[in-house]
1. Please list the equivalent ellipsoid semi-axes of the range 185-319, computed as the square roots of five times the alpha-carbon gyration tensor eigenvalues, in descending order and whole angstrom.
2. Mind listing the long-range amide H neighbours of Thr222? Cut-off is under 5 Å, sequence gap 5 or more, other chains count too, H placed in the peptide plane at 1.01 Å from N.
3. Most fluctuating residue of Asn348, Asn44, Asn284 in a GNM of the chain with Cα springs under 10 Å: which is it?
4. Mind checking the alpha-carbon convex hull of the range 149-206 and giving the volume per residue in Å³?
5. Using only alpha-carbon positions, what ratio does the radius of gyration of the range 167-253 give when scaled by 2.2 N^0.38 Å?
6. Per Stokes-Einstein, at 4 °C and 1.567 mPa s, what whole-number D in µm² s⁻¹ belongs to the range 113-194, with the Kirkwood radius over Cα pairs as the hydrodynamic radius?
7. Springs between alpha-carbon atoms under 10 Å, Gaussian network over the chain: tell me which of Glu35, Glu295, Glu278 tops the mean-square fluctuations.
8. Go ahead and run the numbers for FRET between Asn125 and Leu152, Cβ-Cβ distance against an R0 of 25 Å, rounding to 0.05.
Amino acid sequence: MKKVLAAVIVSTLLWLPTNVVADTSSQSPLTISFEMLEAEISENNISVQVADRLLDKLDHAYDYREDQISLEMDSAQGQLNFQIAQMDGQVASYNSFIDIYTKIRDGSVDPAVIADCNAKIEIFNMAKNSVAAVKAELQDQLDELDDLEEDLEDELDEDYDLDKQQARSQIALNRDSQIYLAQKNYLGYFTLAPKVQEARNQLDLLNKKQDVSKLMLCLGMTTQAELELLQAGLQNAELAAESLERNLNDIKGNLNLALGRAYDDELILTALADPDQEKIRDVNYEEDLENVLNENYNLKLMEIDLDKKDNEVDRADERSAEEMAEIDYENLELQIEDLKRKIEFTFNQAANNLTAKEDALAASLTSFNTSQTTWNFAALKYDLGMISHLDYLAAQNEYETAQHQYKLAQQFLLEAYTDYQWAVEGLIPSLSQK
């Protein structure tokens with residue numbers, strides 16, 4: 001029973017739907033920030049809500065099992081007490097016969113009667129002793145049954161504690177995984193949104209180039225083939241922009257689902273705050289690594305499994321079963337040590353990635369400042385009539401691209417810091433998915 005309960009908890013959590021909507025009716029627009037995601041997902045995500053109820057289900061299952069043990073023990077004890085009562089009845093009957101024959105013997109002077117009574121008294125004493133021996137065995141069984149009930153209740157309490165720890169870790173893992181996925185989608189939206197705008201700007205530029213090319217074709221300054229080539233590029237750019245816009249809408253839809261809303265509900269995402277670089281610079285890898293190993297959900301779950309294997313070793317009835325349980329225990333110990341190494345390696349990668357993203361942001365800022373200076377010169381030249389409007393737009397596009405790259409570098413740093421912090425708090429998605 002206990003293994004089935006644990007398996008149900010784990011398998012149910014692993015297969016809980018990540019995007020389930022309870023009510024698909026239209027809701028009012030929701031404005032949400034990156035910082036609000038944790039509270040909103042914890043409160044409204046359907047998968048999280050379903051998982052939270054598993055503890056109640058676990059409590060009911062163990063209450064039922066406890067009642068079953070009590071009923072089974074009461075039934076067995078009742079049967080033994082009934083048999084003991086029967087033995088007491090037989091003893092009382094034998095004592096009655098012994099008293100009767102004792103009185104007959106004591107009131108008689110006939111040697112034959114006396115001898116017959118003594119023989120019968122001896123037979124009833126032997127029968128009484130035999131019944132008393134059986135009663136003693138039944139009483140021992142009753143005492144053993146009391147001990148067994150206590151042992152079963154102790155085992156049930158141990159199993160309940162471990163299953164509850166396991167359920168809580170699985171529930172927390174599920175909740176944090178949902179929050180992490182929502183945060184990834186949120187960051188992904190702001191990674192993609194500038195690309196959509198960039199694609200639209202490129203379309204505007206290509207449309208203007210097409211207008212110029214048509215005019216040049218009329219003046220005989222270009223060919224029909226060159227115009228068609230430009231138009232083909234424009235068509236491809238339109239398709240690419242439409243694809244990016246669909247992807248952007250899909251991200252919002254997935255966020256809506258994660259928030260327990262309908263896919264098409266209006267959702268307004270507020271701009272990301274700049275990463276707190278001072279806070280990021282203050283991270284302490286050595287201290288954080290200790291927290292990572294203490295808090296990692298996967299490691300906690302395996303250590304709970306190790307405690308369960310230890311119980312299996314203690315409860316094994318036969319030597320062969322004990323040996324198999326010991327092998328399983330030792331194998332799990334090896335797996336835990338391997339997981340610790342993987343956690344440390346993955347966290348080290350997260351720390352290195354955080355440092356790399358800090359360096360990339362610094363380089364991107366330098367590049368952005370350079371492009372801003374270049375665009376300022378281009379604007380001055382355009383005002384002086386030294387470059388065409390198309391050349392001005394091209395310079396502006398390069399500046400906006402550099403600005404976009406700088407914003408992306410900020411987001412990538414925020415994303416790297418988010419991954420780092422989740423690892424410290426117990427979640428390493430790359431390991432949780434295996």
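Derivation of every value follows stated rules applied to the coordinates shown; laboratory data play no part. Because the structure is a prediction, the values reported are computed rather than measured. No Cβ is skipped: glycine too gets one built from the backbone with ideal geometry, and neighbour counts run over all protein chains shown.
1. Calculated on Cα positions only, the semi-axes equal 58, 20, 17 Å.
2. Here Leu217 satisfy the definition.
3. In this elastic network of the chain, the residue with the biggest mean-square fluctuation among Asn348, Asn44, Asn284 is Asn284.
4. Hull volume normalised by residue count: 44 Å³.
5. 1.79
6. Estimated diffusion coefficient is 66 µm²/s.
7. Evaluated over the chain, the most mobile residue of the options is Glu278.
8. Working from the Cβ atoms, E equals 0.05.
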